[in-house]
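Heads up: the structure comes next, in structure tokens.
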Ligand code: ATR
């Protein structure tokens, strides 16, 4: 067949180095900014890569195997598959980083040459780097209120504790989940009810719930916020999230969304895959310009 023959000849004489394949897998995944971020990092570091979005409707493990078999080098994993990715890497033969093991959630897969999979979680380091380096927050001896008790919060608890805050309180709509999660970290994390959040004012209040995705926010006591409070939402969107609006209305001096965290976690994944630290600040600026106003 002439067509096949032509394509074989094209392949034979294509001396251009092939791009290494990466992707973000999730559902939904259409709005993910990860491909834009990794493309910018690739331009900066002159690495030839392809980074796609893959929406997974059926079996997650099968989708990963298929991507690995099609010359995939690594994947980012997003909602709702981070726990599935952790389970996949916890299976014998595969490996987990210590931080992914604590988080019991994986957002980065790296396919090894021997066919095994290494799973890591860069969400926590992404959040802490954004707070400390980009926003200049002194975390040591600070008081932090963290809202939520799902996979996203579990991934950031240990890295936040490593910043040695004076106190870290955890609250959630379903209180039993916050209590169970706090128990895993002993006395270092104190569970408080939503109503009890008004007992003190915090330096930093972090929303780690998915409430904003439905246009809602947890029923916090507004007394937890004053003019020394920075309010941070781990989600991001084209506008202020309901939590950010609420924090501004209640006197918080600054509000930020999770776009910086997203770029920083991407940079940590990029380092795992390529061994190079990309510059994040210009990418945060660029993505915010395209996407929305990052802070007020
Ligand atoms: P993720 O991986 O994003 O953490 P998750 O594990 O489903 O997702 O957790 C979602 C978190 O957002 C939970 O803390 C959830 O509270 P419950 O444990 O009470 O369900 C919180 N959440 C979701 N929608 C919410 C809403 N409308 N109001 C308050 N909290 C909400």
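Quick look at the values:
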quantity	calculated
Residue 260 at pLDDT below 95 and either in a helix (DSSP H, G or I) or closer than 20 Å to residue 29 by Cβ (or both)	no
Residue count, region 219-239 (criterion: modelled with pLDDT of 95 or more and within 22 Å of residue 78 (Cα to Cα))	3
Condition check for residue 194: touching a residue at least 60 places away in the same chain (Cβ under 8 Å), surrounded by 17 or more Cβ atoms within 10 Å (Cβ to Cβ) and within 16 Å of the ligand (Cβ to nearest atom)	no
Matching residues, region 130-162, being within 21 Å of residue 96 (Cβ to Cβ) and more than 14 Å from the ligand (Cβ to nearest atom)	158, 159, 160, 161, 162
Lone unmet requirement of (1) surrounded by 22 or more Cβ atoms within 10 Å (Cβ to Cβ); (2) touching a residue at least 60 places away in the same chain (Cβ under 8 Å); (3) closer than 14 Å to residue 148 by Cβ for residue 259	(3)
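Rundown of residues vs (1) more than 17 Å from the chain's Cα centre (by Cα); (2) within 16 Å of the ligand (Cβ to nearest atom); (3) over 18 Å from residue 127 (Cβ atoms), yes/no style:
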{"position": "210", "(1), (2), (3)": "no, yes, no"}
{"position": "221", "(1), (2), (3)": "yes, yes, yes"}
{"position": "226", "(1), (2), (3)": "yes, no, yes"}
{"position": "229", "(1), (2), (3)": "yes, no, no"}
{"position": "234", "(1), (2), (3)": "no, yes, no"}
{"position": "243", "(1), (2), (3)": "yes, yes, no"}
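The values are calculated or read from the model by the stated rules, or taken from the named source; none is laboratory data. The shown structure was predicted, so the numbers you read here are calculated from the model rather than taken from an experiment. Methodologically, a virtual Cβ is constructed for each residue, glycine included, from the backbone with ideal geometry; neighbour enumeration extends over all protein chains shown.
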